[in-house]
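Here the structure comes first, spelled out in structure tokens, and everything after it is commentary.
The values are calculated or read from the model by the stated rules, or taken from the named source; none is laboratory data. These numbers come from a predicted model, not from an experiment. Heads up, the Cβs are rebuilt from the backbone with ideal geometry, glycines too, and the neighbour counts pull from every protein chain shown.
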Amino acid sequence: MVRLAIPLMASSAGFQLMSFVDTVMVGRLGAEALAGVGIGNALFFGVSMFGIGCVLGMDALVSQAVGAREAARARRILWHGVRLAVELTVPITILLLAIVLALPRAGLDRAVAHESTRFVLSRLPNITPFLIFAAQRAFLQAHDITRPIMISMMFANIVNFVANALLIYGDDTLTALHLPAIGFPALGVVGSGLASSLASIASVAVLAAAIRGVPAPTDPLRVRLDRPLRRRLWALGLPIGGLSVSEGGMLAIVSVLTGWLGSRATAAHQICLTLTAVIFTAAMGIGSATAVRVGAHVGAGNTPLARRAGLLGIGAAAVIMVVVGIGFLAVPRVLGELLTSDPHVIETVVPVLYILAVFQVFDGTQCVAAGALRGAADTRASLIISLIGSYAIALPAAALLAFGLGWGIVGIWCGFLLNMVFVSIALVRRFVVLSSRTIQRVDGGE
């Protein structure tokens, strides 16, 4: 589990690093460009994560096929995952275009809206390789081949950094390196978006080379459309995509609520989200590894081992997050000072970090429990439980505590915590009940 999870953690951290580099390298262009890239990144990932969720419907199918030693079927599922990624490009592109066209009417500063629009348009070529990468990663991790995933993210980050430097600033970068200018144009935020696209293409190329090295029998029907398989992919993937939309929608609403509390509360909220995103990469890596191991054991017809793998992953996440939580409790002020020098914001964020310490434990366990259920091909339960937790518990509780009782940003995060407690307990219980009886393969195999 550890051998499988660590490279997947590194891969998740690599995505965070690319966004961080984009923000830092655009910062010299001014406040409007920085805000535009921030909003543009939020829009791109917010919409694209629906597509990623749909592609992740292949997690259970491919890991169960590998567990059943059906190499030809596993490769066929990969091709259908890639096909699904291409199909999803069209609606995601249309939705992003509709959103950026509406930005000028959304009350944003005109300059910021303009920069956001330019950035999102330049990232549109990134959609297809971004989704294909998710399909390739699911296929390789199901085969316990994770080193290429980590290498691909390292290579993508190098490409992203170099391309950002050249495309954002043009000849100025060459001059700063004491190289001759060649008339390379400075594209600003457009260059940053194109750099991200090049980085995604590079990562897809690395994984494609790794996949070619995975043995598979000759299969003349490999790339032929299998309609029942396609329906299963959609049936498993749509709830995962819906889960991403649900969580993203809740975060957007909470961000608006936090904005009503003033700039200090908003800054404190952003610090908490940043810290959570960094720590969450560990939970995502363990969750992906757990999904693979559970799916492989289900494919092999061994429910007891599938149950053991799921509970092991959940327990490992809980232990890691308890350690992280202790760190949050021990040095909250130091963590705040890492991300801001404003003493007022630090005073605001410290009590929230005490809540965040407990929040991490339940957030990590719910992520891995959802991964265990995904490996067992039970994706609908995660969506239903998340919808209840987010919109029936978290939002009403956050509004009541923050505004009704006057707890401010502390009340917002108490609402988050109540949501995580409910979702974590419900998902773990769901997996325990599901794995107490024989888990059947979702597609019956070859």
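The number of residues in the range 331-379 being in a helix (DSSP H, G or I) and on the phi > 0 side of the Ramachandran plot comes to 0.
With respect to Arg264, is the statement that it is closer than 30 Å to Pro332 by Cα, of a type in the set (Lys, Arg), assigned to a helix (DSSP H, G or I) and not assigned by TED's automatic domain parsing to the domain that holds Arg28 true? Spelling it out, Arg264 is indeed closer than 30 Å to Pro332 by Cα, of a type in the set (Lys, Arg), assigned to a helix (DSSP H, G or I) and not assigned by TED's automatic domain parsing to the domain that holds Arg28. The set of residues in the range 86-144 that are β-branched (Val, Ile, Thr) and in contact with an Asp or Glu (Cβ under 7 Å, 6 or more places away or on another chain) contains only Val112. Being within 30 Å of Leu34 (Cα to Cα) and either outside the structural domain of Val189 (by TED's automatic domain parsing) or touching a Lys or Arg at 6+ places or on another chain (Cβ under 6 Å) (or both) is a property that Ile149 has. For the range 89-145, a residue qualifies if it is outside any helix (DSSP H, G or I) and in contact (Cβ under 8 Å) with a residue 40 or more places away in the chain, and the qualifying residues are Leu108, Asp109, His143, Asp144, Ile145. The set of residues in the range 315-339 that are under 25 Å from Gly262 (Cβ atoms) and either surrounded by fewer than 19 Cβ atoms within 10 Å (Cβ to Cβ) or outside the structural domain of Phe280 (by TED's automatic domain parsing) (or both) comprises Arg333, Val334, Glu337, Leu338, Leu339.
Would you mind stating whether Val294 is out of contact with any Lys or Arg (no Cβ under 6 Å at 6 or more places or on another chain) and either surrounded by fewer than 24 Cβ atoms within 10 Å (Cβ to Cβ) or of a type in the set (Lys, Arg) (or both)? It is false that Val294 is out of contact with any Lys or Arg (no Cβ under 6 Å at 6 or more places or on another chain) and either surrounded by fewer than 24 Cβ atoms within 10 Å (Cβ to Cβ) or of a type in the set (Lys, Arg) (or both).
Residues are listed down the side, and each one gets a yes or a no for (1) outside the structural domain of Gly53 (by TED's automatic domain parsing); (2) hydrophobic (A, V, I, L, M, F, W, C); (3) touching a helix residue (DSSP H, G or I) at 6+ places or on another chain (Cβ under 7 Å):
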position: Ser341; (1), (2), (3): yes, no, no
position: Ile355; (1), (2), (3): yes, yes, yes
position: Ala376; (1), (2), (3): yes, yes, yes
position: Leu383; (1), (2), (3): yes, yes, yes
position: Ala392; (1), (2), (3): yes, yes, no
position: Val410; (1), (2), (3): yes, yes, yes
position: Val423; (1), (2), (3): yes, yes, yes
position: Arg429; (1), (2), (3): yes, no, no
